[in-house]
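Peer 1: Encoded as structure tokens, here's the structure I'll be asking about.
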Amino acid sequence: MYSFQKRSVLICLVCLVVVTVSIISYMNVQSKPEQSVYNVVHLPANSITFSEAEKLHSFAEFIVIGYATDGFADREHVITAFDDGAMQSFHTNTNIKITKILKKPEDFPSDQTELTIIEPVSLNGNVKYTANDYVELQKNEPSVLFLLRNSYGDYGLINDNWGKFSLEGVSQYSLPESSSSQQLSDYQIFRDSVMKKYNLD
């Protein structure tokens, strides 16, 4: 009788430990953000860059606070090629939700809250192509975005990584992992000047 009770208690304890470990493991998996590992190909691109908030403001046609509504892998990735198969161009069509307009062209409706913008990055399988080390917008992360309309009428993000500034601060997604401490410091200073200009600090 005693050994039966002892065995029952032991079985209950083992079951309790198994259930507890299973719940903790499930919660840890659910709480981790979606992170995919890509082979990143960095390609140089000609672009006009600004290191002063006033000049960037003057050059941009459209400046908004907004956020990407989809994860990077779920966006529309566009890669074009020449007849011989060599890559011609690449970009990602990113759907954003506009929460505030800071500067706009006259023909853009003031009440429009959704827009598709072009980012200088794209995905092909597990290979990510990026121009000038650009790091894509993160899903649901509100940022100040500096945009310019191209000849097709589409708005694209300008000034490389210095054309998007998260309201949540500088993070590992603001600049490439290979960035030096000096580059991070310069970016932080520039971001602070942008936040101050639009009274967002």
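Peer 1: Could you sort the peptides 72-79, 114-121, 148-155 by per-residue average Cβ neighbour count (10 Å cutoff), highest mean leading?
Peer 2: 114-121, 72-79, 148-155
Peer 1: Give or take rounding to whole Å, what are the principal axis extents of the alpha carbon atoms in region 86-201, in descending order?
Peer 2: Principal-axis extents of region 86-201 (Cα, largest first): 39, 38, 23 Å.
Peer 1: Looking at the square roots a ≥ b ≥ c of the eigenvalues of the Cα gyration tensor of region 44-92, which shape do they give, rounded for a/c under 1.5, prolate if a/b is larger than b/c, or oblate?
Peer 2: oblate
Peer 1: Further question on the same structure: Rounded to a whole number, what % of the accessible area of region 51-201 do carbon and sulfur atoms account for, probe 1.4 Å?
Peer 2: 45 percent
Peer 1: By a straight-distance test (C-alpha under 23 Å), which lysines pair with residue 164 as possible cross-link partners, with residues fewer than eight away in the same chain excluded?
Peer 2: Counting by Cα, and skipping residues close in sequence, residue 164 has these lysines nearby: 55, 97, 100, 103, 104, 128, 139, 196, 197.
Peer 1: Still on this structure, I have one more. Measuring with a 1.4 Å probe in the full set of protein chains, what accessible area per residue, in whole Å², belongs to region 56-149?
Peer 2: On a per-residue basis, region 56-149 sits at 47 Å².
The values are calculated or read from the model by the stated rules, or taken from the named source; none is laboratory data. Just so we're clear, the structure is a prediction, and the values are computed from it rather than from any experiment. Methodologically, a virtual Cβ is constructed for each residue, glycine included, from the backbone with ideal geometry; neighbour enumeration extends over all protein chains shown. To get the accessible areas, we keep the full protein, side chains included, count just its heavy atoms, and leave off ligands, DNA and RNA. Shrake-Rupley method; radii C 1.70, N 1.55, O 1.52, S 1.80 Å.
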